[in-house]
Amino acid sequence: QVQLVESGGGLVQAGGSLRLSCTASGDTICISTMGWYRQAPGKERELVAAITSGGSTYYADSVKGRFTISRDNAANTVYLQMNSLKPEDTAVYYCIAECSMSYWGQGTQVTVSA
């Protein structure tokens, strides 16, 4: 079992920045890829960014150049630095950790005002 605790969401004006953190505990040795999904009201959950244990990254086209995912393997923590935020980035952001199954965090709200 893996437990994920997220932090760092909040309210920010367009153009601002936020940094999300997600710390894993429990059977963390099994974790390979970690990442962030988001879900806006009335929309499907979408993958925003992911990072492998070796540091390879993936970004959705909508966030490339604005968001940066990073990972501290020793601290079992993944970060999402979000810059140049837009109102369309407003969503609940969920951390995910991949083991033999997927583990999800509880979600953290990000609201970007125009």
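The values are calculated or read from the model by the stated rules, or taken from the named source; none is laboratory data. As the structure is a computational prediction, the values presented were derived from the model and not from experiment. For neighbour counting, all protein chains shown are included, and Cβ atoms are generated from backbone atoms with ideal geometry for every residue, glycine included. Areas reflect the complete protein model, heavy atoms only, side chains present, ligands, DNA and RNA absent. Shrake-Rupley method; radii C 1.70, N 1.55, O 1.52, S 1.80 Å.
Listing for the model above:
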| quantity | calculated |
| --- | --- |
| Amide H contacts of residue 45 (H built 1.01 Å from N, under 5 Å, at least 5 apart or other chain) | none |
| The chain, dipole about Cα centre (Lys/Arg Cβ +1, Asp/Glu Cβ -1), debye to the nearest 20 | 240 |
| Trypsin sites (Lys or Arg not before Pro) restricted to DSSP loop in the stretch 40-114 with at most 12 other C-beta within 10 Å | 43, 64 |
| Charge dipole of the stretch 1-102 about the Cα centre (unit charges at C-beta), most positive-ward option of 16, 40, 91 | 16 |
| Rounded to the nearest 20 debye, dipole of the stretch 47-114 from Cβ charges on Lys, Arg, Asp, Glu | 100 |
| Of all accessible heavy-atom area on the stretch 11-114, the percent that carbon and sulfur account for (1.4 Å) | 48 |
| Accessible area expressed per residue, the stretch 1-113, with surrounding protein chains retained (probe 1.4 Å, Å²) | 50 |
